[in-house]
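To start, the structure itself, in structure tokens.
Please treat every number below as a calculation from the coordinates, not as lab data. From a predicted model like this one, the values you see are computed outputs, not experimental measurements. Cβ sites come from the backbone with ideal geometry, for glycine too, and all protein chains shown count toward neighbours.
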Amino acid sequence: MPTETVPSDTVRCAIVGSGLAALATYATLRHAGVRPEEIAVYGTHEDPTEVWRTRAAAIRQQRMRSESDGHVGAAAFPGLAVHEAARRVTLAPLIATVANRYHPRVEDFLRHAEAVRARSGWEQSFRRERIDRIEPVDDGFALDGGTFRHVLVATGHPGLQRPVEFREAVHAYEPHDYAPTVAVVGAGMAAATEWLNALAAGSEVVSIRRREPVRRALNVPRAFFSKRGLAAFHAATGERRASTLRELSTPSYPPGPAWDEPIAAAERLSQFRVSDSSQTQNGVEQVICATGFRKGWREDTLLRDLVETNDLPTHGRWIALAPDSTVPGLTDPRRTLSIAGVAAQWAFPAADTIAGAKYAAHGFVRRVCRTR
Ligand SMILES: Cc1cc2nc3c(=O)[nH]c(=O)nc-3n(C[C@H](O)[C@H](O)[C@H](O)COP(=O)(O)OP(=O)(O)OC[C@H]3O[C@@H](n4cnc5c(N)ncnc54)[C@H](O)[C@@H]3O)c2cc1C
């Protein structure tokens, strides 16, 4: 039930969800001149970094996977490399950026996100409330707390994925330490990070996986961030697009000696081995599921209701969005329904990145500003 009534005549847009994608959208709206009292943010966490920060800390992530442009500020420039270069009085981050080798420190990213939030007016707009339903009405959408012409949904991943045979195990994205013998389930970035973490903690590690890991520098290849690559993706048939997205969701981690050498050294000392059997867990003290998130609109109660009630077009686990990340059928010159984050992959394959959050934010803000 609503905890507060939002006056619908003053508030024009709402963001549902309060994570990194919400913050990126909020900063973009503010940059475009939309005032805090014109925006409502409905979410479960007042600190927009909290959910992400807890997961990144659980796998001891030190460096961002993204590069200088992986920031939540509204303007593309300056990126995080410029900030670091200015703070440390060195050109090194800028040189690394030119070679696509700059990965900001997680603590620097968090400091930057906090600065963006602090100067944005976020607190004025934030309402601690989970939204269960978005109902299309004339000229807008009714949420539990009011009516809005423009709504962006950024509810993030619908939960951690834990295979049933490992349901007692800790998930890699939950806080944990490492026992002397550890089985890590999975073959993606979180699994690879956990192999190295557990080895560094002195544990003996078994990697439980059904297939050999794919080695890829970025989760989503750079081409999908370019206008041309994206245009080709948007022009493809539904089946082709779904198959591209399935392919991109195959677990992967980057190639390189930083990953390979510690594993090779541990294998030589019999501290690391691979198994394809879930039975292997019986011989170890701790099992860690590095098995990612539950996937698809059906797993998110708000999105499921939205799709089923409004008969929205879908393709498999994806909502079939327009290229600018809006929901066709519920978006017209008077109102906008946008989706950001992982649920927006149909519009932008790298939607579950900070750059992806900004892609959806820009599409949303363009429409909001058209109706000013
Ligand atoms: C460990 C890890 C490291 C990553 N590293 C990087 C990186 O280096 N660079 C990069 O670009 N990306 C990275 N990513 C990917 C990406 O940036 C994150 O997934 C990011 O958190 C997505 O933001 P979000 O706002 O969509 O989701 P979240 O940050 O999860 O926020 C969603 C919020 O909405 C709330 N919510 C959910 N449902 C409702 C509802 N019905 N009503 C109200 N609120 C609701 C949730 O509780 C949550 O607070 C990483 C992801 C992980 C897991």
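General remarks:
- The order of T336, T244, T25, going from fewest to most other C-beta atoms within 10 Å of their C-beta, is T244, T336, T25.
- Per-residue [θ]222 nm for the chain (sum of -39500 (n - 2.57) over DSSP H runs n ≥ 4, rounded to 500): -10000 deg cm²/dmol
- Long-range amide H partners of F272 with built H, under 5 Å: V205, E267
- Quarter of the Cα convex hull surface for the stretch 308-372, i.e. its orientation-mean projected area (nm²): 4.3
- Cα centre as origin, Lys/Arg/Asp/Glu Cβ charges: the stretch 128-252 dipole, Debye: 760
- The Rg/Rh ratio of the stretch 36-154, with both radii computed over alpha carbons and Rh defined as the Kirkwood radius, is 1.07.
- Mean projected area of the convex hull spanned by the Cα atoms of the stretch 99-224, taken over all viewing directions: 13.1 nm².
- Debye log10 I(q)/I(0) at q = 0.11, 0.25 Å⁻¹ for the stretch 221-308, Cα point scatterers: -0.63, -1.30
- For the stretch 78-135, trypsin sites (Lys or Arg not before Pro) are listed when DSSP marks them as loop and at most 14 other Cβ atoms sit within 10 Å of their Cβ; the list is R101, R130, R133.
- Net charge contributed by nearby residues that have their C-beta within less than 14 Å of N310 (K/R +1, D/E -1): -2
- Neighbour count of at most 16 Cβ within 10 Å plus DSSP loop: longest GluC sites (Glu not before Pro)-free window in the chain: 47-167
- Degrees, to the nearest 10: 238-248 long Cα axis against longest axis of the chain: 40
- For H103, neighbours were defined as the other residues whose beta-carbon sits under 14 Å from its Cβ, and their charges (Lys and Arg +1, Asp and Glu -1) total -1.
- Three-way shape call for the stretch 8-51 based on the alpha-carbon gyration tensor, with the a/c threshold at 1.5: oblate
- Using only Cα coordinates, the Kirkwood hydrodynamic radius of the chain works out to 21.8 Å.
- Simple Cβ-charge dipole of the chain, Lys/Arg +1 and Asp/Glu -1, about Cα centre, in debye nearest 20: 1180
- Counting Lys and Arg as +1 and Asp and Glu as -1 over every other residue whose Cβ lies under 11 Å from the Cβ of I319, the net charge comes to +2.
- Given +1 at the Cβ of Lys and Arg, -1 at the Cβ of Asp and Glu and no other charges, the dipole of the stretch 242-353 around its Cα centre is 160 debye to the nearest 20.
- For the stretch 218-257: Kirkwood Rh in Å [reciprocal of mean 1/r, alpha carbons]: 11.2
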